[in-house]
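Inspection log for the structure reproduced underneath, given as structure tokens.
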Amino acid sequence: MKPILIAGPCAVESEEQLFATAEQLDSELRSHALTLDCFRAGVWKPRSNPNSFAGLGKPALPWLAAVHARYGWNVCTEVLTPHHVELCEKAGITTLWVGARTGVNPTEVQKLANAVQHKPFTILVKNPLVPDLKLWTGNVERFLKADVHKVMAVHRGFADGNENVYRNAPCWEIPIGLKVQFPDLPILCDPSHLCGDTTWIPQIAQIALNYGFDGIMTECHYNPEAALSDAQQQLTPAQWAQMITSLSFKINAPNTDLVKQRALLENIDTQLSQLLAKRMEVVDQIARIKKENNLPVVQPQQWQQVKERYIKEGQDSEFREFLERFLELLHQASVNRQQ
Ligand code: PEP
Ligand code: MN
């Protein structure tokens, strides 16, 4: 399956910067026989610091439309208000994204969903800043209900309050949870905002592809050092093409070997759940005996021995850690039941 590729600068800074980037990108696409699904560039930039460059606004829209006219790519930008939606519609820009900051406010997201309702927009729903799967799925649902042309999700990492290697924590279980809930919804990774630094971008992009993401949205600037926002995380078009051609894209095709192994796994899982149910029946008997004989529910030495029996020396450390966590959970469930 062909991956969805979106690239372009963090922001439109001038007509020259926009076209210099687009021109270089076009030449890289041609020399590597790649196609771009959408060219991105922010026109309205929600910044933490009021003195930071906040985008050029409305005057930048015709330049973005001109990129579409010259190169034939779809173009997209971020919208923060229904008025932005209206301006984009007038300028003929039909792919819009909802940013991570807007994503934390369901009222604002709903206003945007109302503004695009029944219109031929493609909406990219970025994950909200906070690691909250329900907030993200709720935002996605608002646009699905608005009956737009197409909805896609974009994973750009989360502000989880910790000092991370990356600017934002990947919390991979969240985009995977979204994929499980919406199997037909394309999901892209934005490694630029996730990493905050070009060093890690190829690595994160590959991890996302390994998980089965449908594409990559990357920030690309003809002269990253001079960028007015997110300078550290923008690749040059040449670096971008080099990364894209080195990534291993996955195919989502049926595979009989995989089907066979999955059937085995399903069988094992069924046995596991039956055994766990049987275990609980034994726990009930143990609870009855303890109660009749006035014995305490928790008998620490006994449990320690059980754990040691299961966890053997020489087991690899990841499996040991899993077993320990699993046994702790099992013990806790058993103790709760006995109570
Ligand atoms: C962006 O893509 O330029 C952007 C601001 O993204 P996010 O909302 O993910 O920070
Ligand atoms: Mn940016």
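What follows is calculated from the coordinates using simple rules that are stated; it is not laboratory data. As the structure is a prediction and not an experimental result, all values here were calculated from the model. Note that each Cβ is placed from the backbone with ideal geometry, even for glycine, and that neighbours are counted across all protein chains shown.
The table that follows gives values for the structure above.
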read-out	value
Cα lying deepest toward the dipole's positive end in the chain, options 233, 67, 121, charges on Cβ	121
Positive-end residue, the chain charge dipole about Cα centroid, Cβ charges, pick of 168, 140, 54	140
Local electrostatic count, residue 234, Cβ distance below 15 Å [Lys/Arg +1, Asp/Glu -1]	-3
Relative packing of peptides 240-248, 276-284 - highest average C-beta neighbours within 10 Å first	240-248, 276-284
Rounded to 5, percent antiparallel among DSSP beta bridges of the chain	5 percent
Rounded FRET efficiency, nearest 0.05, which uses the C-beta distance separating residue 107 from residue 35 and R0 of 30 Å	0.20
Lys, Arg +1 and Asp, Glu -1 on Cβ, resulting dipole of region 261-339 about Cα centre, debye, nearest 20	340 debye
Tail fraction, Cα-Cα pairs, region 1-60, threshold 17 Å, whole percent	47 percent
Mean ellipticity per residue at 222 nm, deg cm²/dmol - from DSSP H runs of n ≥ 4 across the chain, formula -39500 (n - 2.57)	-15500 deg cm²/dmol
Fraction of alpha-carbon pairs over 40 Å apart in the chain - percent	28 percent
Kirkwood hydrodynamic radius of region 259-338, from inverse mean 1/r over distinct Cα pairs, in Å	14.6 Å
Compactness of region 204-339, expressed as Rg and Dmax over alpha-carbon positions, Å	25.9, 78
Segments 286-296, 133-143, 187-197, 82-92 sorted - mean Cβ within 10 Å per residue, highest first	187-197, 133-143, 82-92, 286-296
For region 200-279, the spread of Cα positions along each principal axis, largest first, Å	65, 30, 14
